[in-house]
1. Rounded to the nearest whole Å², what accessible area per residue is found for region 1-153 with the 1.4 Å probe?
2. Any idea how far apart residue 58 and residue 108 come out in nm if each label point goes 7 Å out from Cα toward Cβ?
3. Classify region 75-142 as rounded, prolate or oblate from the Cα gyration tensor: take a ≥ b ≥ c as the square roots of its eigenvalues, call it rounded if a/c is under 1.5, otherwise prolate when a/b beats b/c and oblate if not.
4. All other residues with a Cβ under 13 Å from the Cβ of residue 12 taken together, and with Lys, Arg as +1 and Asp, Glu as -1, what is their net charge?
5. Tell me, what % of the accessible area of region 1-127 is carbon and sulfur with a 1.4 angstrom probe?
6. Of all DSSP beta bridges in region 13-98, what percent run antiparallel (nearest 5)?
7. Would you work out if region 1-53 is rounded, prolate or oblate? Take a ≥ b ≥ c from the square roots of the eigenvalues of the alpha-carbon gyration tensor; rounded if a/c is under 1.5, else prolate when a/b is larger than b/c, oblate otherwise.
8. Taking N as the number of residues in region 12-92, what is its Cα Rg relative to 2.2 N^0.38 Å?
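The values are calculated or read from the model by the stated rules, or taken from the named source; none is laboratory data. Since the model is a prediction, treat every value here as computed from it, not as a measurement. Cβ sites come from the backbone with ideal geometry, for glycine too, and all protein chains shown count toward neighbours. Note: areas computed on protein heavy atoms with side chains; ligands, DNA, RNA excluded. Shrake-Rupley method; radii C 1.70, N 1.55, O 1.52, S 1.80 Å.
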Amino acid sequence: MTSSRYSAALIGAGSVGLVLAASLAKAGWDVSIVGTRTPLDKISLQDNGVSSEYSVNTPNVNQSFPQTRLLIIAVKSQQVETISHWVPAFDSKNTTVLVAQNGIDQQQTFRNYFSNSPIIPAIIYLSAQRDNPGSVNLRRIDHEDVCLPQQDVTQLLASASVTAMWQFPHR
């Protein structure tokens, strides 16, 4: 994996998580996928008929996790307890947590696990299907697939050139 300006970790390698991780890898981020049943070295993305592959890491969950600038949590709400033993390893004022989970009160739910990290809730507007481990088929609904609140911390994502997929509404 090549060195980049930013690094991200993903917990939840389902369809939404893989699409978000692929968009970051496409923008030049180093991406690690934590806790997959099948270790991955790449994400295969089918985006409206165009196939792309992006390199990723799969760290061993029994060792220390890499320090990252962004942690994406893309698990269903009923899976939060299952992944809760991993998340404290990422709690740092230098790591932003993006919660890509439907529902409300994501910030309050995850504040129980993160005392130092800024937490950003995301609204996901994409249709994706995970075909196999590490392989996802994206069907674009519109040009705005991910909506984030306009906050100082979300400017990190904007500056990393992922805005082709991630939109920041006006205040």
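1. Result: 51 Å² of accessible area for each residue.
2. With each label point 7 Å from Cα toward Cβ, the separation is 3.7 nm.
3. Prolate, because a/c is 1.5 or more and a/b exceeds b/c.
4. Neighbourhood net charge equals +3.
5. 44 percent
6. Roughly 60 percent of the beta bridges in region 13-98 run antiparallel, per DSSP.
7. oblate
8. That ratio works out to 1.10.
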